[in-house]
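Colleague: One structure, as structure tokens, below. Some questions next.
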Amino acid sequence: MSEKDEMTINERRKYLHKMWKLYRGATKKEKSKMLDDMEHVTGMNRKSIIRILNGRLSRKKRTNERGPTYGGDVIAAARIISRVLDHPCAERLQPNLVFMAKHLSNHHQLVVGEDTLEGLERISISTLKRALANTNKTADKIGQKRYPTRKRNSFRETYPMRRIPYDIPQPGHFEVDLVLHCDEDSSGGYIHTIQMTDVATGWCGIQAVFGRSYRVMKDGFEWILMNLPIPVIEIHPDNGGEFFNQHLLRFWKDALPDLYISRSRPFHKNDNRFVEENNASLIRAYIGYGRLDTLQQLMILREIYNDLMCYHNFFQPVMKTIQKNYLDEMHYRRVFDHARPPLDRLAETNAVTKHNLELLMYMRDQVDILALRERLEKNIYNLWHVKSTENANPVNIFDTLRMEEDYHSVTLSFEPTKPVQ
């Protein structure tokens, strides 16, 4: 029997378990023949097979259990880093343990020695899963309200329906979506979130707007574009009328003449799978599903999104599918690459200038991630303790627009980058 054809321990046990009942009821001559077959199939010694079949089939527990491989300092550091990164899965966490340990150490938030760093580098994904089993959070699944079908829109029909390929290597292809903060009451005016997610790197831009009229949507997109270090090659929204209307399409044509606009297929939400995933892990996970409809809440939400973009783009590890192994025509298994933050993925491309990349790296080094998380939690608490708008004056949308001087006070000084041909 070749090494390639050898059975694993679990396969041997499963086979012997199937043969156990037949062996117990067989004659001596039949048992001898069965033992010959089992010896040939499993590659085990005959006496070992007889000992297993005459004894108990369950695997015997170790008499002396192995002690812990990693010290308490390694596990404690892993738990701190997991909490700082909001408890990502072990597959996303493990490749970034050493980087985050050094980052926290530079900001005097964590003390790590050489032995601890070596342990964090060697620790396996399985060990991390066991060590962090009691600390990782599980999100509650909340059903989403289904909204009525929109009327036919002739503007959108001139734009192609497609899915941006998951393995597209060039940054600049953005999925776009709008998140509603109305809870179960969609009447009146309330806050929306615009999100743009780059498929290649996972870089995202987020902005809160009041309502979804052309004026506020244009204002929100202008702010996001001014904060993106990546040149926009394509935008890919769903079929909503807030995206496909004469005014906004004219804005895109004037702002980016060479922009390619595509759209999802109707009722195929997974065509925008990357931005939808971010809607769940960023917007809904931190903001929730409640109703937001005041000017004060809008201003707090914008502060939250400024920190959330920094937190996600600079630090949150992102896993990307690199291959799909098809088991049959309908089923496949994904193969993922090593988890890395969007900034590290962006640095591996030629989509940004050297000046922009150095600026982004410098900004990340200056971020105190624990202070950022504390500020996030404080602002989220304040967001939901703002008084309701009942019996209050309606919000004037002109008070919600970002003024021209506000752009320069908030945004980064990025050099323009031409899309790669």
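Colleague: Which count do you get for residues in the stretch 275-289 that are part of a helix (DSSP H, G or I) and over 12 Å from the mean Cα position of the chain (by Cα)?
Modeller: 3
Colleague: Related question: Looking only at the stretch 296-330, count how many residues are over 22 Å from the mean Cα position of the chain (by Cα) and surrounded by fewer than 17 Cβ atoms within 10 Å (Cβ to Cβ). Reasoning before the result, please.
Modeller: Here is the first cut: in the stretch 296-330, the ones over 22 Å from the mean Cα position of the chain (by Cα) are 296-300, 326-330.
Keeping just the survivors that are surrounded by fewer than 17 Cβ atoms within 10 Å (Cβ to Cβ) gives 296, 299, 326-330.
Total satisfying the criteria: 7.
Colleague: Continuing with this model, one more query. Do we find a residue being part of a helix (DSSP H, G or I), over 24 Å from the mean Cα position of the chain (by Cα), in the same structural domain as SER187 (by TED's automatic domain parsing) and among the charged types (D, E, K, R) anywhere in the stretch 260-274?
Modeller: Within the stretch 260-274 (the criterion being part of a helix (DSSP H, G or I), over 24 Å from the mean Cα position of the chain (by Cα), in the same structural domain as SER187 (by TED's automatic domain parsing) and among the charged types (D, E, K, R)), the answer is no, since none of the residues qualifies.
Colleague: Could you grab me the full set of residues in the stretch 212-244 that are without any contact (Cβ under 8 Å) to a residue 60 or more places away in the chain and farther than 26 Å from PRO342 by Cβ?
Modeller: Correct list: ARG212, TYR214.
Okay, residues lined up against (1) assigned to a loop (DSSP other than H, G, I, E, B); (2) closer than 22 Å to PRO88 by Cβ; (3) of a type in the set (A, V, I, L, M):
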| site | (1), (2), (3) |
| --- | --- |
| TYR311 | no, yes, no |
| ASP328 | yes, no, no |
| LEU346 | no, yes, yes |
| VAL352 | yes, no, yes |
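Colleague: Report every pair of residues separated by at least 6 positions or lying on different chains whose Cβ atoms are under 7 Å apart, first residue within the stretch 245-257 and free of Cβ contacts under 8 Å to residues at least 60 places away in the same chain, second of a type in the set (Phe, Trp, Tyr) and surrounded by 12 or more Cβ atoms within 10 Å (Cβ to Cβ).
Modeller: What qualifies is HIS247/TYR214; LEU248/TYR214.
To keep it simple, each residue is scored yes or no on (1) surrounded by fewer than 15 Cβ atoms within 10 Å (Cβ to Cβ); (2) assigned by TED's automatic domain parsing to the domain that holds GLY119; (3) at pLDDT 90 or above; (4) not aliphatic (A, V, I, L, M).
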site	(1), (2), (3), (4)
ARG24	yes, no, no, yes
LEU35	no, no, yes, no
LYS61	yes, no, no, yes
ILE80	no, yes, yes, no
LEU97	no, yes, yes, no
HIS103	no, yes, yes, yes
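Colleague: From THR417, THR411, THR400, THR389, which residue is farther than 23 Å from GLY202 by Cβ and modelled with pLDDT under 60?
Modeller: Of THR417, THR411, THR400, THR389, the one residue that is farther than 23 Å from GLY202 by Cβ and modelled with pLDDT under 60 is THR389.
Colleague: For the stretch 168-183: of the residues being in contact (Cβ under 8 Å) with a residue 40 or more places away in the chain and over 16 Å from HIS236 (Cα atoms), which is surrounded by the fewest Cβ atoms within 10 Å (Cβ to Cβ)? Please lay out each step first, then the result.
Modeller: Quick first cut of the stretch 168-183, residues in contact (Cβ under 8 Å) with a residue 40 or more places away in the chain only: 169-179, 181-183.
In the following step, the residues that additionally are over 16 Å from HIS236 (Cα atoms) were identified as 169, 181-183.
Numbers: PRO169: 10, HIS181: 21, CYS182: 18, ASP183: 14.
Among residues in the stretch 168-183 that are in contact (Cβ under 8 Å) with a residue 40 or more places away in the chain and over 16 Å from HIS236 (Cα atoms), the one surrounded by the fewest Cβ atoms within 10 Å (Cβ to Cβ) is PRO169.
The values are calculated or read from the model by the stated rules, or taken from the named source; none is laboratory data. In this text the structure is predicted, and so the values were computed from the model without any measurement. Glycine also receives a Cβ, built like all others from the backbone with ideal geometry; neighbour counts cover every protein chain displayed.
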